[in-house]
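Since the structure comes first, as structure tokens, the remarks are kept for the end.
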């Protein structure tokens, strides 16, 4: 079995921003890519065809984390970076009406427990990298700084906990591994978003544009290439209002 050296692990890369990051790494760098996805999308097949290794994981299931770590260790000799992108977007109404406490717990499982566990268990693989720079990067949400929406208090609280987690690990893992967070606001609309919603969201930033996932890729590259940046939250909010 071929094992990757200095690979990049991206969680939640089956679509949207995670997929864009994985594809950009594959097309623009020499880093091998290992990624997770919960639901199979055509983008998963595209990444695999480009040489990535994908693991289908539902992080809310028992033993999912330990199974993933074992799978990664079978495929990877060392890691250059870990990117915590997997996310769950739930309104408070959905938390209350579509799953009760299970949905609330799922937010904190995915946004806090999963990064905590992977940071701890994959540290040896990061330290084994031959690169002088090693990174853990999470994607949280600009609302933590700009003000959590009254309709997404549970979601926003879990992303705030993620930022606190990463700042703590930046101290725990220094100076060997840099640990940072990217806090995006609007990056790209979903299919089906109506024009009224789009205009309302665009008005929430000073720049008033839908920037696309390229800006997240640029932020990741900045953090990975900076030798003197750790414990920071990098806002991508277009000058949030």
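Please treat every number below as a calculation from the coordinates, not as lab data. Since the model is a prediction, treat every value here as computed from it, not as a measurement. All Cβ positions, glycine included, derive from the backbone under ideal geometry; neighbour counts span all protein chains shown.
Return 130, 57, 179, 114 ranked ascending by Cβ neighbour count within 10 Å, so the fewest neighbours appear first.
So the ranking, lowest neighbour count to highest, is 130, 57, 114, 179.
Suppose we keep just the DSSP beta bridges with both residues in the chain; what percent of those would be antiparallel, to 5?
Expressed as a percentage, antiparallel bridges in the chain total about 5.
Tell me, what is the percent relative contact order of segment 7-236, built from C-alpha pairs under 8 Å that lie six or more residues apart?
Here the relative contact order equals 19 percent.
How big is segment 1-141 in terms of Cα radius of gyration and Dmax, in angstroms?
15.1, 49
How big is the Kirkwood radius of segment 132-205, worked out from every pair of different alpha carbons and given in Å to one decimal?
14.1 Å
Using the alpha-carbon centroid of each, what span in Å lies between segment 163-184 and segment 189-226?
When both Cα centres are located, 23 Å separates them.
Most fluctuating residue of 14, 54, 168 in a GNM of the chain with Cα springs under 10 Å: which is it?
Judging by the Gaussian network model, the answer is 168.
Using Cβ contacts closer than 10 Å as the measure, can you line up 228, 117, 37 from fewest to most?
Neighbour counts put them in this order, fewest first: 228, 117, 37.
Order by neighbour count: 224, 188, fewest other Cβ atoms within 10 Å first, most last.
Starting with the residue having the fewest Cβ neighbours, the order is 188, 224.
Normalised by the residues of segment 97-190, what does the relative contact order come to in percent, with Cα pairs under 8 Å and at least six apart?
Reported relative contact order: 36 percent.
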